[in-house]
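Have a look at the structure below before the remarks.
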Amino acid sequence: MSTTPINNKAKTYGGGYNRQYLTLLLADGVLAFVNWSLMVEFISIIWFFPMGFMGFTGWEAALLAIFTPIFLGIGFVNRIVSRFNLPLRLIAQLLAFLAIFPWAIDKASIKNDEFGIFSSPHVTKTFFVSVAVALDWLAQCNSFANIKSPVRRERGAYAYALAIVLHAIIRLPYLSINPFMTWSNWIVFGMIMVVVAFVVLLRENINASDEKKSGAIWSIEHETSSSSTIATGVSFGGIIFFNQLLFSTYGLIPRWVGLNPFPYGLLVILGIMVGVVISKKKELVTSRNFFLFALVLSAIFGWCSGTVPFIVGFIGLISASILGTYCNSLWIVLIEKVSNTEKLGQLFISAMLTYTILLFWAIYVVSYKFVPWWLGSTLLRERNQTLIIACVLATGIAFVYKSLRSSSGSSSKREKSSKDQPTYPNKDVFNVLFGLLVLLLLFSVNRAITHPTDSSIAGHHYARDLTATSVTNTAPTDIKSMIWTIHFGYDNFGRNSFPNVTKVIKDHGANIIGLLESDLSRVMTSNRDLVEWVATELHMYSDFGPEPSRNTWGCALLTIFPIISSDRVILPSPEGELACLIDAVLLIDETPVNVIVTHFGNTEDVLDRKLQTEGAAAIVKKNSDMPIIFLSYITTKVNTENYKTLRASGLEDTTSEGRYCQYIFYKNLQLNKFQRFSSFDISDTEQQVASFSVIKENKQTQQ
C-alpha cells in the first residue's frame, strides 16, 4: 500500500525537464553513492586484519554492522528510523568520512598486536566505519522499505542504480581507486556533497509535511506482490552482492578473462547503464526467459574466464557485460517488492544472510587455506564459476517465484494493466544517464591519452637521438630488477599504498619489477588494480599474471622492455593455496632474456612447496639457453632442499645472506650489484634490487 498526493506539482521545462525532480534525484543519488562506496570499502577494511595475521582476529564480527536492517521488523524502531532518517544518514556518512580520512599517525602510541578500539589507527577506523555503516545501511534500507509514493520509491531506486554506475565510472580516471574513499581532498568534497544533499532532501520532507497539513488529498494505492518475503529478501541480498562482486568497478571483468581493464572495461559500464534504461520494461526484466538467459550467460562467463585466447575472453566480456544489464535492470521492480513487504525483519534477515553467504563464498575460493574445513573452506575451494551462477540464482529468485506462482488469469490482468505504464525511465533519469555518458567519454579520452603505449614508454624511459630527419629511441642496456611483496596495496596501517609503491619503484630506477601479492581484483580488496596503476603512472609494459578467476594471490611483471612472449602458469598445489608464475621473454639489448616471477604458497604444506619448486626448476631448465632473471617468493631458507633444487637447475643466487621468502636468482648474466631496502610502513616485506648486464657472448650467441 502506498499514498500519493493528487495535487503534487512541480515546475516542468521544455522537453519534459522537471527541475524539482532532477534536483531530488541528484540529492538521493549523492547519499546512495556514499552508501554504496562504504559498502564496497567496508569489506576491505574488515579483511585487513585476517590478511595480516592469516587467521581470525575477532574484528571480523564487525560484519554484523550490515545486519542492522533486521531491526526494522520492530515497529517502534522502524518508526523512529523513518522519522529521523535524514539526520541519521547525515551523521552516519559524515562519521564514515571522518573515520577514513588519512589523519597523521603517532607511531609511538600504537600498540602492536592489540585490538582495542584505540590501540591502532586501523582498529579505530574499523570501529567508527562499522558504526557508520550500521546506521547508514539501516537508514538506506528503511528508505527502500518505507517510501510513501510510487514516484519517490522509483526515484530512490533509480538513485541507487545510477550511484552504482557512477561508482564504476569515477574509478576510471583514478585507475581503479575510488577517490572519495582514499584521498583527503575528495573526502572533504564528499562531506560537502552529503551536507548539500541533506539540505535539499530536508526541504522536500518539510514541504511534504506542509502539504499534508494543508489538506492535500492523498490517494491510496493497493499493490500486491506474488513473491514470498524470503524470496524477495534473497534477491535483495543477491543483487547487492552481485553488483559488489563484479560491477563495482570497470576493470574486474576484463581481468577475469585475460583482457586489459582499459578500454575493455568500458563495455562493462555501458552494460550496467543499459540496465537502467530497460528497468521499466517489467515484462522483460521479470520474465523467466530473461532469468534463464542470465543463467546461460553466467555459465559462458565462467567458462571463458582464465588464461584463454582473445576471442574466447571477448565472448566472456560480452556475456558478463550483459549480466550487468540484467542485474541493474532489476532495481525498480525489486525495490517495489521490498516496499510492499510487511515482514521487514524476515525480509532483511534473509537478505543479509544471502549477502554474507555469497561474500564468504567469494573469500573462500582463494582464502580456503586459512579457514577451517568445518566452515566450508574445502567445499568452496576455487568455485568462483559456480559463485557467479549462484549470484544469478539469488538475484532472480524473487521473479522466478513470481512467474511460477502466477496464474494465467492474473497474468493477463497484469499484461492489461502494464499497457498503461511507461516502459522507459522518465526524461530526468535520461538526463542523468546522459551526464554520466559524457563523464565516461571525457574520462575515456583522458585514459586514452595516458594509457601506456610503445611510444609513451620509449618517450619516458629510452634515450632519444634527434636528427634533422628522424628521431631514434634507444633502450637502456643495463638491467635493474626488483622484487617486492606489496601486501595487496595496503600499508602497515591499512591505507592505500599505491602512490607510495609507485614512488619507491621510481626512486630505485628499476626497469624490471616483480610484484607479489598483487591480485587485488577481489571483493575483499575493493576490486582495485595496482598493476594498472603502476603501469600507467610509470609508463611501463605489464603482465598481470594469472587471472583473478584462477584463484591465486597474484604475481605481476612490469618492465620498460618489450615483452616478446608470456606464459601464465599455475604451479602444483594439491594441499594448500595455489601458486602463480609468469614465464616471460623480454628483448633487452637485442637479446631475449627470460624473466620469471613467482609466488609460492605457505610453508605448512610441504608437498606443495616441493612440487612447486620442481615445477619452477623445470621451467628454468626449459629456457636454459637464455639469460634468466628469477624474481621469487619461495618461502624457504637458504640451503634447504627446495633452495638446492632451484640452484641445481642452473640458477645463481645474488647474495649469500640469509633470507626466507624473497629471492632474486639469475643465470647467464653479469651481476653488478645487489641491495636490500626496508619498506618502512609501506609494506611488511623488504625490497630487493639487483643490477645485471647482458654478457656479450650471450648476445652474440642469440644473434
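Here are the numbers for the structure shown:
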| read-out | value |
| --- | --- |
| Qualifying residue in region 692-702 (condition: assigned to a helix (DSSP H, G or I), assigned by TED's automatic domain parsing to the domain that holds ALA556, within 24 Å of GLY545 (Cβ to Cβ) and out of contact with any Lys or Arg (no Cβ under 6 Å at 6 or more places or on another chain)) | no |
| Residue match in region 548-563 (condition: surrounded by fewer than 21 Cβ atoms within 10 Å (Cβ to Cβ) and in the same structural domain as GLU614 (by TED's automatic domain parsing)) | yes |
| Cβ pairs under 9 Å, 6+ apart, first in region 16-41 and on the phi > 0 side of the Ramachandran plot, second modelled with pLDDT under 95 | GLY16/ASN426; GLY16/LYS427; GLY16/ASP428 |
| Among (1) crowded, with 20+ Cβ neighbours inside 10 Å; (2) touching a Cys at 6+ places or on another chain (Cβ under 6 Å) - the single one TYR364 does not satisfy | (2) |
| Where a residue in region 139-166 is outside any helix (DSSP H, G or I) and its partner, wherever it lies, is surrounded by fewer than 21 Cβ atoms within 10 Å (Cβ to Cβ), with Cβ under 6 Å and at least six apart | LYS148/THR3; SER149/SER2; SER149/THR4 |
| Any chance ILE66 is touching a residue at least 12 places away in the same chain (Cβ under 8 Å), closer than 21 Å to THR341 by Cβ and exposed (fewer than 14 other Cβ atoms within 10 Å of the Cβ) | no |
| Evaluation of SER549 against (1) outside any strand (DSSP E or B); (2) polar (S, T, N, Q); (3) at pLDDT 95 or above (one fails), failing number | (3) |
| Hits in region 274-288 - residues which are modelled with pLDDT of 95 or more and assigned to a helix (DSSP H, G or I) | VAL274, GLY275, VAL276, VAL277 |
| Residue ranges of strands (runs of 3 or more DSSP E) in region 422-533 with at least 2 members crowded, with 22+ Cβ neighbours inside 10 Å and not assigned by TED's automatic domain parsing to the domain that holds ILE177 | 478-485, 512-516 |
| Single condition THR598 does not satisfy, out of (1) closer than 22 Å to ASP567 by Cα; (2) over 30 Å from the mean Cα position of the chain (by Cα) | (2) |
| For VAL569: the one exception among (1) within 30 Å of ILE105 (Cα to Cα); (2) in contact with a Leu (Cβ under 7 Å, 6 or more places away or on another chain); (3) surrounded by fewer than 21 Cβ atoms within 10 Å (Cβ to Cβ) | (1) |
| Qualifying residue in region 87-102 (condition: out of contact with any strand residue (DSSP E or B) (no Cβ under 9 Å at 6 or more places or on another chain), aromatic (Phe, Trp, Tyr), surrounded by 20 or more Cβ atoms within 10 Å (Cβ to Cβ) and within 21 Å of LEU520 (Cα to Cα)) | no |
| Criterion violated by VAL638 - all others in (1) out of contact with any Leu (no Cβ under 6 Å at 6 or more places or on another chain); (2) in contact (Cβ under 8 Å) with a residue 40 or more places away in the chain satisfied | (2) |
| Top-ranked residue in region 267-279 [being crowded, with 21+ Cβ neighbours inside 10 Å and not small (Gly, Ala, Ser); ranked as nearest to PRO422 (Cα to Cα)] | VAL276 |
| Residue among ILE230, ILE278 that alone is touching a helix residue (DSSP H, G or I) at 6+ places or on another chain (Cβ under 8 Å) and within 18 Å of SER329 (Cβ to Cβ) | ILE278 |
| Every residue from region 587-607 that is of a type in the set (Asp, Glu) and in contact with an Asp or Glu (Cβ under 9 Å, 6 or more places away or on another chain) | ASP589, GLU604, ASP605 |
| Residue ranges of helices (runs of 4 or more DSSP H) in region 289-383 with at least 1 members more than 18 Å from TYR401 (Cα to Cα), out of contact with any strand residue (DSSP E or B) (no Cβ under 8 Å at 6 or more places or on another chain) and β-branched (Val, Ile, Thr) | 310-329, 344-367 |
| Conditions (1) closer than 25 Å to LEU530 by Cβ; (2) surrounded by fewer than 21 Cβ atoms within 10 Å (Cβ to Cβ): number failed by GLU697 | (1) |
| Residue ID - surrounded by the most Cβ atoms within 10 Å (Cβ to Cβ), chosen from residues in region 232-257 that are out of contact with any Leu (no Cβ under 8 Å at 6 or more places or on another chain) and either modelled with pLDDT under 95 or hydroxyl-bearing (Ser, Thr, Tyr) (or both) | THR249 |
| Subset of region 641-689 that is under 18 Å from THR485 (Cβ atoms) and among the β-branched types (Val, Ile, Thr) - its residue that is nearest to the chain's Cα centre (by Cα) | ILE682 |
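For (1) aliphatic (A, V, I, L, M); (2) in contact (Cβ under 8 Å) with a residue 24 or more places away in the chain, each residue gets a yes or a no:
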position	(1), (2)
HIS599	no, yes
ASP608	no, yes
VAL620	yes, yes
ASP653	no, no
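The values are calculated or read from the model by the stated rules, or taken from the named source; none is laboratory data. Remember, predicted model here, so these are calculated numbers, not experimental data. With ideal geometry, Cβ positions are generated from the backbone for all residues, glycine too; neighbour counts draw on all protein chains shown.
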